[in-house]
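Only one structure is covered here, and it is reproduced in the block below.
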Amino acid sequence: MKTNILIADEQAQMRHLLGAIFTQQGYKVKTAQNGKEALETIYDNELDIIVLNHELPIINGIQLINWLEDNDIYTPIVVIGSAHEATEQRTNRFPAVKSVLNRPFKVQDLTDTVKSVIQ
């Protein structure tokens, strides 16, 4: 059975790149370009892991994680943050957040992190 992953990022190029990489590695990939789409995808699908950009439009990453926690959804999350932000400090109180990677990051680091989180 394939691992179901959601890639939530406002940048189309990033969604397509990561989607292609994870598809090639055998994952079943869903994508969302903003927090609202991410919530709909989470609600409509059984996901194994979420890769979430901290700076999503409409509903940002922190708001999305809060909503998930408030609704007792603890799907593991890997947060992508910005190097200039204290993303890890803002997300470390959430049990579902398993790792934070700041941009720029190596794709190999992300794929290794996702593998380690779902095992």
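The values are calculated or read from the model by the stated rules, or taken from the named source; none is laboratory data. Note that this is a predicted model, so its numbers are computed, not measured. So basically every Cβ, Gly included, is an ideal-geometry build from the backbone, and we count neighbours across all protein chains shown.
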Margin query: Among the residues of segment 82-115, what is the count of those that are at pLDDT below 90 and among the charged types (D, E, K, R)?
Written below: 5
Next item on the list: For segment 35-79, name all the residues that are surrounded by fewer than 18 Cβ atoms within 10 Å (Cβ to Cβ) and in contact with an Asp or Glu (Cβ under 6 Å, 6 or more places away or on another chain).
Entry: Pro57
Margin query: So in segment 89-119, with the set limited to residues that are hydroxyl-bearing (Ser, Thr, Tyr) and under 14 Å from the mean Cα position of the chain (by Cα), which one is nearest to Asn71 (Cα to Cα)?
Written below: Thr91
Next item on the list: Return the residue satisfying two criteria in turn: it lies in segment 1-16 and is of a type in the set (D, E, K, R) and assigned to a loop (DSSP other than H, G, I, E, B), and of such residues it is farthest from the chain's Cα centre (by Cα).
Entry: Lys2
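Can you report the number of residues in segment 103-117 which are loosely packed, with under 15 Cβ neighbours inside 10 Å and touching a residue at least 60 places away in the same chain (Cβ under 8 Å)?
Of all residues in segment 103-117, those loosely packed, with under 15 Cβ neighbours inside 10 Å come to 104-109, 112, 115-116.
Add one more test, that the residue is touching a residue at least 60 places away in the same chain (Cβ under 8 Å), and what stays is 107.
Summing the residues that are loosely packed, with under 15 Cβ neighbours inside 10 Å and touching a residue at least 60 places away in the same chain (Cβ under 8 Å) in segment 103-117 gives 1.
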Checklist line | In segment 6-31, the residues that are touching a strand residue (DSSP E or B) at 6+ places or on another chain (Cβ under 7 Å) and either hydroxyl-bearing (Ser, Thr, Tyr) or closer than 13 Å to Ile80 by Cβ (or both) | finding: Leu6, Ile7, Ala8, Asp9, Glu10, Arg15, Leu18, Thr23, Tyr27, Thr31
